[in-house]
1. Can you list the lysines whose alpha carbon sits under 20 Å from that of LYS215, skipping same-chain ones fewer than 8 residues off?
2. For segment 8-193, what is the per residue volume of the convex hull drawn over the alpha-carbon atoms, in cubic angstrom?
3. List every DSSP H helix in the chain whose Cα atoms extend 18 Å or more along the helix's own long axis and whose mean Kyte-Doolittle hydropathy is at least -1.0.
4. Could you work out the relative contact order of the chain? I mean the mean sequence separation of Cα pairs under 8 Å and 6+ apart, divided by the number of residues, in percent.
5. Just want the ordering: ARG65, ARG15, from fewest to most Cβ atoms lying within 10 Å of their own Cβ.
6. Contour minus end-to-end for ALA111 and LYS136, with contour as 0.36 nm per residue of separation and end-to-end as the Cα-Cα distance?
7. Calculate the spin-label point distance for ASP95 paired with SER9, positioning each point 7 Å from the Cα along the beta-carbon direction, and give it in nanometres.
8. Where is the GNM fluctuation largest for the chain (alpha-carbon springs, 10 angstrom cutoff): SER126, SER57, SER20?
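Bear in mind these aren't lab numbers, they're just calculated from the coordinates by the rules spelled out. What you are looking at is a predicted structure, and each value in this text was computed from that prediction instead of being measured. Here the Cβ is made from the backbone with ideal geometry for all residues, glycine too, and neighbour counts use every protein chain on show.
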Amino acid sequence: MAEIKKTLSEAIEGRRATPSFDGEPIPAEDLQQILDAGLHAPSGYNMQPWRFIVVQSPEQKKRLRAASYNQGKVEEASAVIVACGDADGWRKDIDLMLQQGREGGMPESYAAQARSSVTNYLSSFSSDEMHGWLNKMVMIAFTHMMLMAEVIGYDTAPMEGFEQEKVHEVLRLPLSYWVVALLGVGHLKGDDKFNGGRFDMAHTVFGEEFGKPLK
Ligand SMILES: Cc1cc2nc3c(=O)[nH]c(=O)nc-3n(C[C@H](O)[C@H](O)[C@H](O)COP(=O)(O)O)c2cc1C
């Protein structure tokens, strides 16, 4: 386990979307710890529809940069974690999910119900609905990884600026994959970005119903 450099609160408060990285390689065990944090995320029915492609080679980072509106940090980051969802993941993984659940104490009645709910719910989705569902699930795992990276002393850059078809081509992704976001991980080079600040709670949080302040 890597040394904890910041508490979770410090990581949340101090994190900035890193503008530029020094490109130093990340030790494999640190990368494993970051990825593992993502794999611990919760997901609907525990279907874990996320898939991650870790790009570290200079040649592949260069190609990925070209698929990401030429964003320099894609090439500069030590590793870019390309977070995808697999629209067919649930079909392939439902038996595995139930088997693991049973090993962890899932009752048979729950397993039977889950199998029919998952199938009914997810098989009814349009392509857009599936992408919306995948976005929700994958971004939780993505956020776990981003914060774990920060806690163990890395800087991160979340990115949505990429072209779906081009990233597909560069990474040779299966057709059922949907690219959700890119996470650059490494160490900041030069100055950090300004702090854009955040709207205060009264602007974005309500109590009991829309428009009422939280007491
Ligand atoms: C999902 C997501 C996608 C983003 N995509 C990009 C991007 O493609 N390029 C970029 O420069 N910044 C990107 N950002 C960074 C945001 O601009 C940044 O998080 C925001 O301005 C707030 O700044 P802070 O993260 O430093 O507090 C993205 C952030 C998120 C959460």
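1. Reachable lysines: none.
2. In segment 8-193, the Cα convex hull volume per residue is 122 Å³.
3. Length and hydropathy pass: 108-123, 127-151.
4. 35
5. ARG15, ARG65
6. Full extension of this stretch gives 6.7 nm more.
7. It works out to 4.9 nm between the two label points.
8. Result: SER126 has the largest fluctuation of those listed.
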